[in-house]
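Here's the structure, in structure tokens; my notes come after.
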């Protein structure tokens with residue numbers, strides 16, 4: 001077999017992409033916070049994975065839970 005040199009282009013692109021934890025933290029830092037659906041859409045997580053991440057945040061930081069006018073629950077980080 002021939003040795004095929006691997007390109008680092010795909011590896012460097014992967015390093016430039018923010019982690020899912022960083023993405024969720026940015027969503028939660030917004031003034032209006034983020035709903036579970038918004039977190040799932042941004043990360044492509046299942047509902048149980050998104051709720052588990054929120055549970056982990058609750059252990060280290062204060063997470064506020066609010067109800068929007070539409071009836072959805074929104075989560076955001078306390079300042």
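Looking only at segment 62-79, residues that are in contact (Cβ under 8 Å) with a residue 12 or more places away in the chain, in a loop (DSSP other than H, G, I, E, B) and out of contact with any strand residue (DSSP E or B) (no Cβ under 6 Å at 6 or more places or on another chain) come to 1 in all. Annotation: of all residues in segment 25-43 being in contact with a strand residue (DSSP E or B) (Cβ under 6 Å, 6 or more places away or on another chain) and under 9 Å from residue 77 (Cβ atoms), the one that is surrounded by the fewest Cβ atoms within 10 Å (Cβ to Cβ) is 29.
Does residue 50 fit the bill of being in contact with a strand residue (DSSP E or B) (Cβ under 7 Å, 6 or more places away or on another chain), modelled with pLDDT of 95 or more and buried (at least 16 other Cβ atoms within 10 Å of the Cβ)? Considered against the rule, which asks whether it is in contact with a strand residue (DSSP E or B) (Cβ under 7 Å, 6 or more places away or on another chain), modelled with pLDDT of 95 or more and buried (at least 16 other Cβ atoms within 10 Å of the Cβ), residue 50 comes out as no. For residue 52, the criteria (1) over 11 Å from the mean Cα position of the chain (by Cα); (2) closer than 16 Å to residue 20 by Cβ; (3) assigned to a loop (DSSP other than H, G, I, E, B) hold in every case but one, which is (3).
The values are calculated or read from the model by the stated rules, or taken from the named source; none is laboratory data. Computed from a predicted structure; not experimentally measured. Glycine also receives a Cβ, built like all others from the backbone with ideal geometry; neighbour counts cover every protein chain displayed.
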